[in-house]
Amino acid sequence: MNSGLPGDLGATSDPKSIQEYIDETPVWRDGTILRTTPMTGMQWRIWMLAAAGKFFEGLVVFMTGVAIPLIADEFRMSPAQHGVVGAASLFGILVGAVGLGSLSDHFGRKRMFVIEMFIFMIFLCLLVVSPSYPWLVVFLFGIGVALGCDYPTAHLMISESIPSSMRGRLVLAAFGFQAVGALVGTGVGYVILTNIPQIGAWRWMYATAIVPGLVVTIGRLSITESAHWLLARGKIELAKHQMARLLLRNPPCSPIELVGFDCK
């Protein structure tokens, strides 16, 4: 199989690799040549949705630290059970990243990118209504598995969708959102404890992540599949279609349209 897409996707008849198309410096119809490869709207969308997964990781882990005293009072937890609750999501992240991280190679980057968020949302909702200590641990572990599985998938989504000149910076920036999530999780915990001084306030802490999680889940449904993955499986026409969506620039039909790209 040829390593590049057919020439009718680009401006020349010579086949190029997918990454060469992504890295290509745009030439506008008026002849203007840019010095760098600007990110498209779809590329920024993919990056933000990948960064959101790292945000939720920091949010859940640090929110658990704030919530543990209330959880302990409600479920009459022993010191050992304290440790299990604190480690449940972290252990789940380890299991998800190591044991399930390769699933996107088999089922597709986008499919797993979406499924991981669905799993996260299911366990998050269940966590909010946890009836007992054992179920609490199970639900925290499930959340961790979903977030851990998202580690390699998010990395692949970014790496296979953006210009190589920006790859390192944007991958690190996305993973840096763990710290943002940690700060937000701690802040949300403090605000809720201040306004709802009850043992069950910890449930409201986790509940605050449901709406943002739903937004991210829906957003992931709208992104493109990795053309790298599609081409590796011989789905050339679909890879061309996804590449056209990924590299579409706005306005799509104007004097500054990218040369060689169909604006349909």
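For residue 98, the conditions (1) β-branched (Val, Ile, Thr); (2) more than 24 Å from residue 244 (Cα to Cα); (3) touching a residue at least 40 places away in the same chain (Cβ under 8 Å); (4) surrounded by 14 or more Cβ atoms within 10 Å (Cβ to Cβ) all hold with the exception of (4).
Residues in segment 1-53 that are in contact with a strand residue (DSSP E or B) (Cβ under 9 Å, 6 or more places away or on another chain), crowded, with 18+ Cβ neighbours inside 10 Å and either in a helix (DSSP H, G or I) or at pLDDT 80 or above (or both): 9, 18, 21.
Which fully enclosed helices (runs of 4 or more DSSP H) of segment 54-130 have 1 or more residues being more than 25 Å from residue 215 (Cβ to Cβ)? In segment 54-130, the matching helices (runs of 4 or more DSSP H) lie at 79-99, 103-107. Is there any pair linking a residue in segment 200-225 that is within 25 Å of residue 72 (Cβ to Cβ) to one that is hydrophobic (A, V, I, L, M, F, W, C) and part of a loop (DSSP other than H, G, I, E, B), with Cβ under 8 Å and at least six apart or on different chains, and which? Close Cβ pairs (under 8 Å, with a partner that is hydrophobic (A, V, I, L, M, F, W, C) and part of a loop (DSSP other than H, G, I, E, B)) amount to 203/129; 204/196.
For segment 179-199, a residue qualifies if it is touching a residue at least 40 places away in the same chain (Cβ under 8 Å) and either basic (Lys, Arg) or surrounded by 19 or more Cβ atoms within 10 Å (Cβ to Cβ) (or both), and the qualifying residues are 181, 182, 184, 185, 188, 189.
In the set (1) within 22 Å of residue 43 (Cβ to Cβ); (2) modelled with pLDDT under 90; (3) aliphatic (A, V, I, L, M), residue 196 fails one condition alone, (1). Looking only at segment 106-127, residues that are modelled with pLDDT of 95 or more and over 14 Å from the mean Cα position of the chain (by Cα) come to 6 in all.
The values are calculated or read from the model by the stated rules, or taken from the named source; none is laboratory data. Nothing here was measured: the structure is a model prediction, and the numbers come from that model. Positions of Cβ are backbone-derived with ideal geometry, glycine not excepted, and every protein chain shown enters the neighbour counts.
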